[in-house]
Each structure stands twice: as C-alpha cells, then as structure tokens.
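Report on the structure given below.
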Amino acid sequence: MKRIMVANPKGGSGKSTLATNLAGWLARQGHHVMLGDIDRQQSSREWLRLRPPALPRIDSWEIEADKPARPPNGTTHAVLDTPAGLHGKKLAHVLKVVEQVIVPLQPSLFDILATRDFLAALAAEKEVRNHHAFVAIVGNRVNARTRAAGELERFLADIGLPVLTYLRDTQNYVQAAAHGLTIFDLPASRAAQDWQQWQPILDWASTD
C-alpha cells in the first residue's frame, strides 16, 4: 500500500483541498483509495458523506470500538490529511509509515514563516534524511500577478526541496468540495486549466 501524507502546521493552508483532490484522482485511475485524517476527529468523513455514490469510491478508516483505526482491506493507496500543529513525536511516527509528503504553501508572510520552521523540522527527521519519506511542495491559491506570489517563489527557490506546481486561486475547488466532488469530476470547460496545473502532482504521486 502506498501512503501519501499532506501536511502543514498552519491551519487553512489547503491540506484538505489537496488531499481530497488527490484521493479523487487516484480513485479515477482505478485504485482502491482510502482518505483519512491521522487524528481521531476524522473530518474527512464529512466530505466523503457528500460524495455522490456514482463517482469512483473513496473509503475512510475502518474504526471499531477499542481498536486502532486501520485502512480497509484491499486498500492500494492511502492519502492522509493531517491536523494543524503536527510536530514532534507524532510527526516522527507518521514519517515512518509514509512514502511521500506533500506540503501546500500559500503566498502569505504568515504561511511562509510557519512553513519555514516546519520544513526545517522535516529536514531534521531521520526518515527524511534517509529518503524514506520524499517531501515536495505545492504553491497553493497563487495569483501569479501579485507581489505575494513573487515573494513565495523567491522563498521556495532557496529551500532545496522540489516545488511541483502552483495552483491558482479559483472557486472551482470550493464549489466542487461543497458537493463532495473534486476538480477531476468537473467538465473540461470549467477545469481544464486546473487539470494542467495538477499534472506535476499526479506524476509525482505516481512514482514508486
């Protein structure tokens, strides 16, 4: 089973947006996908409850009383959404069981400062140093015409980690999520530009 974690210590960075859309694309490729939070709040279940049954199936954790949450039998890909403030022993534990980590980052000073420290913490973790967990960055909600976008690009140029792509700031994500959809469930007339921006993420997620 391949496990991909979406992580950033700052709330509102776009973790759930990336996690749900990545899970939706993987399900469209015919994989048996689980989308879940690594904490016990299981907020991803709310989005899954909205998802139309006619779309490719995405599962969540199997939770039984007095037993640890676990992926359903037959799961081939697990996408893990993470809570704000993930750090320390909990971060180290999760890094031991995932193959890839994707870090969404918005073009704001507060997001950059919070994520800078998080990336430093990641780099210090043994699993990352030994390449057991591969880390990549996605610029999220980026308007290329703004000064903030330029500041984000300059910051990312110096961090020494791959930057997969920059996703535009569009209501497509908000409107799709409200109905349990992903941008890959939208028609090309609305989402072709978003699909193109996502392609580097999809290529990265498809690597072994």
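Highlighted here are the helices (runs of 4 or more DSSP H) found entirely within region 1-120 that include at least 1 residues which are farther than 27 Å from residue 163 by Cβ and either without any contact (Cβ under 8 Å) to a residue 40 or more places away in the chain or touching a Phe, Trp or Tyr at 6+ places or on another chain (Cβ under 7 Å) (or both): 44-50, 88-95.
Among the residues in region 62-78, are any farther than 27 Å from residue 114 by Cα, at pLDDT 90 or above and acidic (Asp, Glu)? The answer is no, given that none of the residues of region 62-78 is farther than 27 Å from residue 114 by Cα, at pLDDT 90 or above and acidic (Asp, Glu). Residues of region 101-126 that are acidic (Asp, Glu) and surrounded by 19 or more Cβ atoms within 10 Å (Cβ to Cβ): 111 alone.
Residue 82 meets the conditions (1) more than 16 Å from residue 45 (Cα to Cα); (2) at pLDDT below 90; (3) among the hydroxyl-bearing types (Ser, Thr, Tyr) in every case but one. The failed one is (1). The selection criterion, being assigned to a loop (DSSP other than H, G, I, E, B), of a type outside the set (A, V, I, L, M, F, W, C) and closer than 30 Å to residue 93 by Cα, holds for residue 207. Within region 127-150, being surrounded by 15 or more Cβ atoms within 10 Å (Cβ to Cβ) and either touching a His at 6+ places or on another chain (Cβ under 7 Å) or more than 24 Å from residue 196 (Cβ to Cβ) (or both) holds for 127, 128, 133. Within region 182-201, take every residue that is in contact with a Leu (Cβ under 8 Å, 6 or more places away or on another chain) and more than 17 Å from residue 169 (Cα to Cα) and give me the one that is surrounded by the most Cβ atoms within 10 Å (Cβ to Cβ). Looking at residues that are in contact with a Leu (Cβ under 8 Å, 6 or more places away or on another chain) and more than 17 Å from residue 169 (Cα to Cα), I get 185.
The values are calculated or read from the model by the stated rules, or taken from the named source; none is laboratory data. Source: prediction; values computed, not measured. When we count neighbours, we look across all protein chains shown, and the Cβ atoms used for this are built from the backbone with ideal geometry, even at glycine.
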